[in-house]
Amino acid sequence: MLRAIFKTEAGSTTLLLAATVLAMLWANSPWGDTYEAFWHIPVGLTFGDATFSLDLRHWVNDGLMAIFFFVIGLEISYEMRLGQLRDRRLIAVPALAALGGLIVPAGIYLMLNAGGPGAVGWGVPIATDTAFVLGLLAVVGARCPDPLRAFLLTLAIVDDVLAIMIIAIFYTASLSVPALVTAAGLLAAIMLLRWLRIWRAPAYIVLGFALWVATLESGVHPTLVGIALGVLVFVYAPSDQKLLRAGEAVQELAYAPNPRAAVEATRLVRMSVSVNERLQLRLHPWSSYVIVPIFALANAGIRLDSETLSAAMTSPISIGVALGLVAGKLLGITLGTWLPLRLNWGVLPGNLVWGQVLGGAAVSGIGFTVSLFIVELAFDDPLLISEAKIGILAGSITSALLGWIIFKLAWNRGGVCAPPGAPAEPEEDLPELLSTPVGPDDHVRGPADAAVTVVEYGDFECPYCGRLHPILEELRRRHPDVRFVFRHFPLRQMHPRAMPAALVAEAAARDGRFWEMHDLLYSNRQALGDEDLARYAAELEVDLSAPIAPRAARIERDERSGLESGVRGTPTLFINGVRYRGRLDLDPIIEAVRRARPPATPQRRTP
């Protein structure tokens with residue numbers, strides 16, 4: 001699910017940027033007056049004598065953005081039940097980092113605006129724009145590893161929740177009690193349908209629209225409805241029974257194609273996946289590629305003439321927003337990350353160094369979608385709105401440049417995980433040769449008389465090992481005469497699931513199925529919980545009831561040989577017993593294998 005989010009958000013960044021530029025060009029063109037005039041066109045619904053009308057901008061900000069926040073609610077619900085947010089130690093650090101990234105920017109803004117007309121805008125610099133951040137990380141490329149993307153996505157989800165709570169509490173207009181009671185009743189009706197497990201889309205659509213109207217009329221911002229409904233959508237992991245029934249129905253359709261079998265197979269396949277995931281699959285592209293760009297087009301049109309820019313350069317609102325996004329986010333997220341790590345309240349995913357964390361904290365200062373959203377709620381004066389939006393643009397651009405520079409200068413381990421306590425030895429001081437030759441107890445794949453042997457010290461939870469796995473598979477496909485050896489080197493402090501996974505792999509080795517389990521574990525590197533490992537063992541008919549001690553001793557033997565060979569992180573490769581120091585990409589490894597081949601012995605010609 002995280003990979004789908006990364007791909008969609010990063011892919012929509014270009015469209016979002018294009019919509020922003022288009023809005024700016026429109027607002028500053030000779031036809032700039034038509035920009036505001038267009039977005040203030042009233043559009044409404046009439047039911048007899050009753051009329052419900054909003055202008056186009058409010059339909060976008062209050063209507064379409066409710067769908068945007070509904071998708072966020074779906075993501076939160078999924079991640080809390082099945083994804084990243086299940087592990088409290090993994091969520092503690094990004095959650096506190098998000099809290100720090102909220103408090104410090106708001107504090108910086110209030111230092112400059114407390115008691116003034118702009119004080120109400122303290123919520124503007126608190127939000128991070130996930131789409132722009134992930135788009136920039138895609139440009140950064142390999143210097144931003146997958147664990148950092150997961151960390152920042154978790155941070156962004158918590159950031160969105162906190163921002164929505166602030167909108168609901170501090171940016172709500174005067175309340176209408178009758179409308180609020182009506183909204184509460186409609187929400188209770190939706191929860192009752194969920195409790196009764198009645199999954200009829202028309203009922204939810206009608207009740208959801210009525211709830212949105214009631215919430216809008218109550219004075220509470222309707223985006224809260226989107227997040228609440230998203231969290232309430234049912235999510236579950238596919239059960240073996242449902243998957244089995246779906247598989248049987250598909251097989252029946254393949255053997256005897258007919259309309260009844262097609263309908264039944266479609267229904268069972270659909271039911272094997274939760275409603276939450278199906279809705280995310282359908283709505284996420286609409287949210288990222290349509291709703292957010294339209295929102296940018298409706299709100300990013302800022303008039304940039306000499307008078308406006310001159311006023312913004314000395315405006316405490318513009319300066320407060322820009323400083324809050326640039327300095328506030330960087331300091332707040334950094335402190336919010338350092339504190340729980342210092343107090344041992346949580347851990348960072350994967351192997352993140354402080355240079356990468358600082359780069360992620362800097363780019364989190366790109367505040368756009370939700371920041372623009374709060375501007376429209378906080379201010380009524382067009383001049384103050386313009387100053388706040390200029391601060392958002394200036395702060396976001398500066399944060400993007402600062403993050404890019406930090407990533408450029410930050411120390412990059414070159415794609416290797418290393419434990420926190422690993423000795424800081426220079427690369428050239430590490431042993432060159434493999435201390436323990438390949439023997440009969442090793443896990444070997446390939447011909448025994450191979451001219452080239454590749455030994456990998458790996459960790460089943462290591463993201464770089466997971467990235468290397470398909471590369472080595474392609475090398476094996478192209479060069480079937482190369483022998484491959486895998487030795488365990490689980491980084492226990494950093495990857496808590498690596499050792500249990502290694503134990504399961506050794507259980508499979510006892511049954512002669514090590515390499516099948518090896519491939520299965522790397523294919524499911526992000527799902528290595530106890531239930532997952534038990535499922536993989538059952539799938540390969542591996543017995544896990546045997547004593548653990550012999551398997552643990554086997555893994556420790558690999559670890560000792562690795563330490564004696566100078567292994568300090570994973571993956572580490574030795575080719576024909578010599579440490580490989582190149583990039584972990586296909587072409588450099590193939591070239592190293594080619595060079596390791598002994599020269600061909602010329603055959604003696606018979607006279």
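Things to note:
- Of the trypsin sites (Lys or Arg not before Pro) found in the range 506-607, those in coil by DSSP whose Cβ has at most 10 other Cβ atoms within 10 Å are Arg604, Arg605.
- When only alpha carbons are used to place a centre, the range 268-310 and the range 540-555 end up 49 Å from one another.
- Averaging 1/r over every pair of different alpha carbons in the range 474-607 and inverting the result gives a Kirkwood radius of 17.1 Å.
- Solvent-accessible area, 1.4 Å probe, carbon plus sulfur percent, for the range 459-504: 53
- Calculated FRET efficiency for the pair Glu539/Asp449, C-beta based, R₀ 35 Å, to 0.05: 0.60
- Multiplying the residue separation of Glu248 and Asp441 by 0.36 nm and subtracting their alpha-carbon distance yields 65.3 nm.
- The label-point distance for Val206 and Leu586, in a model that sets each label 7 Å from Cα toward Cβ, rounds to 5.5 nm.
- Accessible solvent surface per residue of the range 481-536, calculated while the other protein chains remain in place, 1.4 angstrom probe, Å²: 39
- Per residue, in Å², the accessible surface of the range 351-391 once ligands and nucleic acids are set aside, probe 1.4 Å: 24
- Label-to-label distance for Leu409 and Leu281 is 4.6 nm, based on points extended 7 Å past Cα in the beta-carbon direction.
- Taking packing as the residue-averaged number of other Cβ atoms within 10 angstrom, the listed peptides 291-300, 259-268 run from highest to lowest as 291-300, 259-268.
- Extension gain for Leu401-Ala119 works out to 98.7 nm (0.36 nm per residue, less the C-alpha to C-alpha distance).
- When peptides 366-374, 51-59 are ranked by their average number of other Cβ atoms within 10 Å per residue, the highest-first order is 366-374, 51-59.
- Stretch gain in nm, segment Leu54-Arg267, where the contour uses 0.36 nm per residue and the Cα spacing is subtracted: 72.7 nm
- Among the trypsin sites (Lys or Arg not before Pro) found in the range 284-377, not one is both in a DSSP coil and sparsely packed, with 16 or fewer other Cβ atoms within 10 Å of its Cβ.
- Summary of the geometry: the range 178-228 and the range 452-484, compared by the centres of their Cα atoms, lie 52 Å apart.
- For the range 365-411, the share of accessible area belonging to carbon and sulfur comes to 73 percent (1.4 Å probe, ligands and nucleic acids excluded).
The values are calculated or read from the model by the stated rules, or taken from the named source; none is laboratory data. Note that the coordinates shown come from a computational prediction; the quantities given were computed from them, not determined experimentally. As a convention, Cβ positions derive from the backbone with ideal geometry for all residues, glycine included, and neighbour counts pool all protein chains shown. Only protein heavy atoms, including side chains, enter the accessible area calculation; ligands, DNA and RNA are left aside. Shrake-Rupley method; radii C 1.70, N 1.55, O 1.52, S 1.80 Å.
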